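**Q** To start, I am sharing the structure in question, which I have written as structure tokens.
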Amino acid sequence: MGLLDISNVTKSYGAVEVLHSVDISVDEGEFLVLVGPSGCGKSTLLSMIAGLEGITSGEISIKGRTMNGVHPSKRNIAMVFQSYALYPNMTVGQNITFGLEMHGTPKPEREDAMNRVAEMLQIDNLLSRKPGQLSGGQRQRVAMGRALVRDPDVFLFDEPLSNLDAKLRVDMRTEIKKLHQSLGTTIVYVTHDQIEAMTLSTRIAVMNKGYVQQLGTPKEIYDTPSNVFVATFMGSPAMNVFPSRIVVKDGAPHAAVTGHDGVEQLLRFPQANLAAWDGREILLGIRPETITDPEGADRNAAHIASLRNHIGVTEPAGSDTFVTMTLGGRDAIARMRADVTVRAGEIFDFAVNMDKAVAFDPKTEERIQP
Amino acid sequence: MARPVQSDLRTRLQEWIPKIVLAPSVASMLIFVYGFIVFTGYLSFTNSRILPSFDLVGWHNYWRLFQLPTWTIAVQNLAIFASLYIAICIAIGLTLAIFLDQKIRGEGMLRPIFLYPMALSFIVTGTAWKWLLDPGIGIEHTLHLWGWESFHFGWIKSSSMAIYTVVIAAVWQSSGFVMAMFLAGLRGIDNEILKAAQMDGASNWNLYRRIIIPQLRPAFLSAFVILAHLAVKSYDLVIALTGGGPGRATELPATFMYSYTFTRNEMGVGAASAVIMLMTIAAIMIPYLYAELKEPK
Amino acid sequence: MSGAVDTGVAIRTNRVTRTFIYLFLLLFALFYLLPLAVMLINSVKPLSEITGGNMMALPNVWTFEPWREAWSSAQIGVQPTGLRPYFINSILIVVPAVAISTIMGALNGYVLTKWRFRGDTILFGMLLFSCFIPFQIVLIPMARVLGMIGLAGSVPGLILVHVVYGLGFTTLYFRNYYSAFPTELVRAAQIDGAGFFRIFYRILLPLSGPIIVVTIIWQFTNIWNDFLFGSSFAGQASQPMTVALNNLVQSSTGVKAYNVHFAGAILAALPTLIVYIVSGRFFVRGLMAGSVKG
């Protein structure tokens, strides 16, 4: 049993079920990110953990105590909102201590806690200001301060960085991660940004249409996505997923891939069990960074396949060069070294790291387990 | 695993408090507004005279209502009054707003002058205009004293013209408000659009006719709805200005309802006339409110 | 003049047009000021100067006798009391009615925006429509109900009436105002441990200053200026100012004391005029909020 247990939880609005039987257990000190497109149910789930939304069925418990029907203020949780939800009529100091005041903490203790938190977040010089006088980053810090001061069992973050500009977002991301590492707090964090999910989390729950599609460490999610949705949602640019076919040749399974000219090329799969799919259609998933020029290929990879294809467009982005091509009749992207010499319109021999390739069942879109 | 437990008392209470707080307002609305509408609607089908009676007489009151010459006059008057009142208020309001929007010096002085009549009671407005329009002492008399002997302005004493004096006083009271609505609309128009139109070579006239006034559509709609409902409800002004006279010349549905219900002891007919007033306003307001409530979602 | 006007403004007008615009605006300013000016001038003239002289002329003899008479000795109905008792009646009606309807409207707006439940939009729609009904539709049953609960012809009865039919507007104002506040504020306060009322008076109420002023002005103006309810439901002793003024103006037997009528009319207009002059900005905002969605 973890610190926070979500067991078989569903949520319905009238006849419409928006969350379907969610099971997640979060251990103390974990940083769980709920990620998914808008409307996937991630914010609803967070609100249910906070007690701001009722639970239709199932159970949410914190430290073994059931939270169903318990008022939000009695769950020993704290939440950072997307809009920060700072009380505009109160100073920063009053904002931070309001929760303690409501819980009847005596004033000297409140002051101590406020000063401790303000110092940690470097907002001690802002305590007498009103939220309206603060910058976006400062508001963000105050919102975190308001959460930290309560010393809760679980921190809940609802898309806390989405209102910041790109530069600040990266800075605050690092800050949140530092805070988590130094305090060892338990965090549940909602975002639609897969990069935030990858960088911050110790575990990720990818959600779509009210289902948890996959729950796992960032590496598991990235390398072995359990279905096409997870594969294409996580990673930027998205994983190339295109129709292919398994052909067994010399006793080993190969993926038959058509390039620009419609001619099939065979790329050897390391997964022997795919031989069972001989002659059947699959969806092949290849991440952009595993398609490179031969010199740029991963030296440690066991299975590098060669693929001759026509280069569509090249997009030098400074750190990388993106190359578009056609694979299996769909547009695909390769992410190559910045100094690679490729020209639009050329025929080029690409190296594909098949260790990282993933095969999906085209009917269910689930990954074919090795 | 622990079974889901009952909510604790505080949580359950918190769920009920909002509804308990809203309850008195909802109850009073249901009784005093909708309940009363039903009650008056029911009375309009009864033979109530000085006191409410519950004996149904079908459509008799409505039939009788439309036989009554006084009601016909009231409805005709309302048609004249409402259409002129709305049209003139919008014309004056729009013109004043456009003129005030030309970076006028003293706008801060003029705007409150145009608008202050809205703060007055219709009874005060009526009292003031009653004497101003009185040929014996008002404008006509003054102009005679100033040497314009042939000037004649006795509408308030003429049964064919008196309804227009109600229009004058009502326009005086409300046109500044319409001006404020249009001015807010004008100030909300993006200046860049105007600059773009000028680049396209639009003259001031075309700028207003083709670009600006079409963008004031919401203000036109709001002004129309507000003025129309004020027109149907007009009561105080007529009472103070003309008392419905001379004769029945300025009778409106609102004054008709009052006199038939409370002084002529024909409550059934009065109720029927109130129902027709309500229907008229509902026909204007409900589509408008529906659209207003619908839009932001 | 034109130099300052041209900078950055899209619309340019020439000198002739501008002269015309100024003349037009001034003419209308005169039109709006005329009735008030006439009332003021003639309220400080002896009656003989009005009937025998020019309405537009300044008084030869200044006198405040008409004001004194209108206030304390003019014949209203059967009693020569002047308007004073009715002015007091109006205050006794307006103050509680405004206070109660504003407080209830604030709470309603708070519930309807921050504690939403199924059907709240329909409830609000019904409340909103009730702002616009012609009150003739409720006169008959209201008269009966006031009689039944023993409030007929009394000040508390009129307070009840004004509260009930003012709720729609006050709720509308607060709802539109509060809907601009993020619901997350309330959720944050809930997690912090504040309950329904605490959230209201610690977080929303301190931010409600402007809308409270707008609502109070709107309600004050409307209730002070009401005539229909006053004339329908007030007794002789509980008549509000507007009804008394109308009685004074309409029922004068014998010589019409125009100067007294004018003084009385200004007395009746004074409270709302003062409110308008002191806080015109909020007054206009209230008018607009009542017509266009905020």
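**Q** How long, wide and thick is the range B:60-111, going by the Cα atoms along their three principal axes, in whole angstroms, largest first?
**A** 60, 15, 13
**Q** Related question: Which of the trypsin sites (Lys or Arg not before Pro) across the range A:249-291 are loop residues per DSSP, with 16 or fewer other Cβ within 10 Å?
**A** Filter output for the range A:249-291: A:Arg280.
**Q** Which of C:Ser73, C:Ser208 comes first, and how do the rest follow, when ranked by fewest Cβ neighbours within 10 Å?
**A** C:Ser73, C:Ser208
**Q** Which FRET efficiency value, to the nearest 0.05, do you get for B:Ser150 and B:Ser259 by plugging their Cβ-Cβ distance into 1/(1 + (r/R0)^6) with R0 = 41 Å?
**A** Details: r = 38 Å, r/R0 = 0.93.
Given R0 = 41 Å and the Cβ-Cβ separation, E is 0.60.
**Q** Quick one: if you stick a label point 7 Å off each Cα along the C-beta vector at B:Glu192 and A:Ser12, how many nm between them?
**A** Modelled inter-label distance: 4.9 nm.
**Q** Still on this structure, please answer the following. Could you tell me how many degrees, from 0 to 90 and to the nearest 10, lie between the Cα long axis of helix A:92-102 and the main elongation axis, the longest principal axis, of the Cα atoms of chain A?
**A** Computed tilt is about 70 degrees.
**Q** If Lys and Arg each add +1 and Asp and Glu each add -1, what is the summed charge of the other residues whose beta carbon sits under 13 Å from the beta carbon of A:Pro294?
**A** That sum, taken over residues with Cβ under 13 Å, equals -1.
**Q** Can you pull out the chymotrypsin sites (Phe, Trp or Tyr not before Pro) in the range C:48-117 whose DSSP state is coil and whose Cβ has at most 15 other Cβ atoms within 10 Å?
**A** Answer by residue number: C:Trp62, C:Phe64, C:Phe117.
**Q** In µm²/s, what is D for the protein assembly as shown at 4 °C and 1.567 mPa s, where D = kT/(6 pi eta Rh) by Stokes-Einstein and Rh is the Kirkwood radius from Cα pairs?
**A** For the chosen part, D equals 38 µm²/s.
**Q** To one decimal place, what Kirkwood hydrodynamic radius in Å is obtained for the range C:174-233 from all pairs of distinct Cα atoms?
**A** Mean inverse Cα-Cα distance, inverted, gives 13.8 Å.
**Q** Under DSSP H, which helices of chain C have Cα atoms covering 20 Å or more of the helix axis and a Kyte-Doolittle average no less than 0.5? Mind showing how you got there, number by number?
**A** On the way: long enough: C:15-43 (41 Å, 1.70); C:84-114 (45 Å, 1.15); C:155-178 (32 Å, 0.90); C:209-225 (24 Å, 1.06); C:258-278 (29 Å, 1.69).
Long hydrophobic helices here: C:15-43, C:84-114, C:155-178, C:209-225, C:258-278.
**Q** Another question, then. Using +1 at the C-beta of Lys and Arg and -1 at the C-beta of Asp and Glu, which of C:Thr51, C:Leu172, C:Ile103 has the Cα lying farthest in the positive direction of the dipole of chain C?
**A** Sorting the options by dipole projection puts first C:Leu172.
**Q** Another question, then. Need one value for C:26-33: mean number of C-beta atoms belonging to other chains within 10 Å of its residues' C-beta atoms.
**A** Partner Cβ neighbours, averaged per residue: 5.
**Q** Explain nothing, just the number: relative contact order of the range C:84-291, from Cα pairs under 8 Å at least 6 residues apart, as a whole percent. Please list the in-between numbers first.
**A** Numbers: 186 pairs, mean separation 68.4, N = 208.
Over the range C:84-291, the number comes to 33 percent.
**Q** In a solvent-free Debye calculation with one equal scatterer on each Cα, what is log10 I(q)/I(0) for the range C:84-291 at q = 0.11, 0.19 Å⁻¹, listed in the order of the q values?
**A** -0.60, -1.33
**Q** Another one. Using only alpha-carbon positions, what ratio does the radius of gyration of the range B:70-294 give when scaled by 2.2 N^0.38 Å?
**A** 1.19
**Q** Quick check for me: using +1 on Lys/Arg Cβ and -1 on Asp/Glu Cβ, what's the dipole size of the protein assembly as shown about its Cα centre, in debye to the nearest 20?
**A** Value, rounded to 20: 2280 debye.
**Q** Which of A:Ser73, A:Val263, B:Val26 sits closest to the plus end of the dipole of the protein assembly as shown, meaning its Cα is farthest towards the positive end, when Lys and Arg get +1 and Asp and Glu get -1 on the C-beta?
**A** B:Val26
**Q** At a Förster distance of 35 Å, what's the computed FRET efficiency of A:Arg337 paired with A:Asp278, Cβ-Cβ distance as r, to 0.05?
**A** The formula returns an efficiency of 0.45 here.
**Q** Right, another one. Calculate the dipole size of the range A:240-360 relative to its Cα centre from +1 charges on Lys and Arg beta carbons and -1 charges on Asp and Glu beta carbons; express the result in debye to the nearest 20.
**A** Working: 12 positive and 16 negative charges, 55 e Å.
For this selection, approximately 260 debye.
**Q** On C-alpha positions alone, give me the angle between the axis of helix A:136-148 and the longest principal axis of chain A, in degrees, nearest 10.
**A** It is inclined by approximately 70 degrees.
**Q** Let me ask you something else. Mind checking which of C:Ile149, A:Tyr84, B:Asn206 is farthest towards the positive end of the protein assembly as shown's charge dipole, using Cβ charges of +1 (Lys, Arg) and -1 (Asp, Glu) about the Cα centre?
**A** Among C:Ile149, A:Tyr84, B:Asn206, the one farthest towards the positive end of the dipole of the protein assembly as shown is C:Ile149.
**Q** Okay, next question. Beta carbons within 10 angstrom, averaged per residue: use that to sort the peptides A:336-343, B:51-58, C:276-283, highest first.
**A** C:276-283, A:336-343, B:51-58
**Q** Please arrange A:Val16, A:Val149, B:Val178 by how many other C-beta atoms lie within 10 Å of their C-beta, fewest to most.
**A** Working: A:Val16 8, A:Val149 25, B:Val178 30.
By the 10 Å Cβ count, ascending, the order reads A:Val16, A:Val149, B:Val178.
**Q** What does the charge dipole of chain A about its Cα centre add up to, to the nearest 20 debye, if the Cβ of each Lys and Arg holds +1 and the Cβ of each Asp and Glu holds -1?
**A** Numbers: 37 positive and 44 negative charges, 156 e Å.
The dipole of chain A has a size of about 740 debye.
**Q** Provide Rg and Dmax in Å for the range C:136-199, with only Cα atoms included in the calculation.
**A** 18.7, 50
**Q** May I ask you to list, by number, the DSSP H helices of chain B whose Cα span along the axis is at least 30 Å and whose average Kyte-Doolittle hydropathy reaches 1.0 or more?
**A** Once both thresholds are applied, what remains is B:69-100, B:162-187, B:267-294.
**Q** For the range A:240-360, what number results from the quotient of the Cα radius of gyration and 2.2 N^0.38 Å?
**A** 1.02
**Q** Taking N as the number of residues in the range B:170-297, what is its alpha-carbon radius of gyration divided by 2.2 N^0.38 Å?
**A** Relative to the rule-of-thumb radius for its length, the range B:170-297 sits at 1.48.
**Q** Also, quick follow-up: Once the range B:186-261 is represented by equal point scatterers at the alpha-carbon sites, with solvent omitted, what log10 I(q)/I(0) does the Debye formula produce at q = 0.20, 0.24, 0.26 Å⁻¹?
**A** Listed by q, the Debye log ratios stand at -0.83, -1.04, -1.12.
**Q** Fewest to most neighbouring Cβ within 10 Å: what's the order for A:Asp5, A:Asp124, A:Asp171?
**A** Arranged by neighbour count, lowest to highest, A:Asp5, A:Asp124, A:Asp171 become A:Asp171, A:Asp124, A:Asp5.
**Q** Over chain A, what portion of Cα pair distances is larger than 40 Å, expressed as a whole percent?
**A** 28
**Q** Another question about this same structure. DSSP beta bridges in chain A, what fraction antiparallel, as a percent rounded to 5? Numbers along the way, then the final one.
**A** Details: 60 of 78 bridges.
So the antiparallel bridges in chain A amount to around 75 percent.
**Q** Here's another thing I want to ask about it. Only bridges whose two residues both fall in the protein assembly as shown count here: according to DSSP, what percent of them are antiparallel, nearest 5?
**A** Working: 62 of 81 bridges.
So the antiparallel bridges amount to about 75 percent of the total.
**Q** Direction-averaged shadow area of the convex hull around the Cα atoms of the range B:14-91, nm²?
**A** Mean projected area of the Cα convex hull: 9.6 nm².
**Q** A follow-up question, please. When ranked by the protection proxy of mean other Cβ atoms within 10 Å per residue, highest first, what sequence do the peptides B:237-250, A:54-67 form? Walk me through the intermediate numbers first.
**A** Working: B:237-250: 20.7, A:54-67: 17.4.
Highest-to-lowest ranking by the protection proxy: B:237-250, A:54-67.
**Q** Please give the calculated 222 nm ellipticity per residue for the protein assembly as shown, where each DSSP H segment of at least 4 residues contributes -39500 (n - 2.57) and the sum is spread over every residue; nearest 500 deg cm²/dmol?
**A** Rounded to the nearest 500, it is -16000 deg cm²/dmol.
**Q** Sticking with this structure for a sec: Using only atoms on other chains, find how many Cβ atoms lie within 10 Å of each Cβ of peptide B:125-137 and report the average.
**A** For this peptide, the per-residue mean of nearby foreign Cβ atoms is 6.
No value in this document is a laboratory result; all are computed from the given coordinates. Just so we're clear, the structure is a prediction, and the values are computed from it rather than from any experiment. Reconstructed Cβ throughout: ideal geometry from the backbone, glycine too, with neighbour counts over all protein chains shown.
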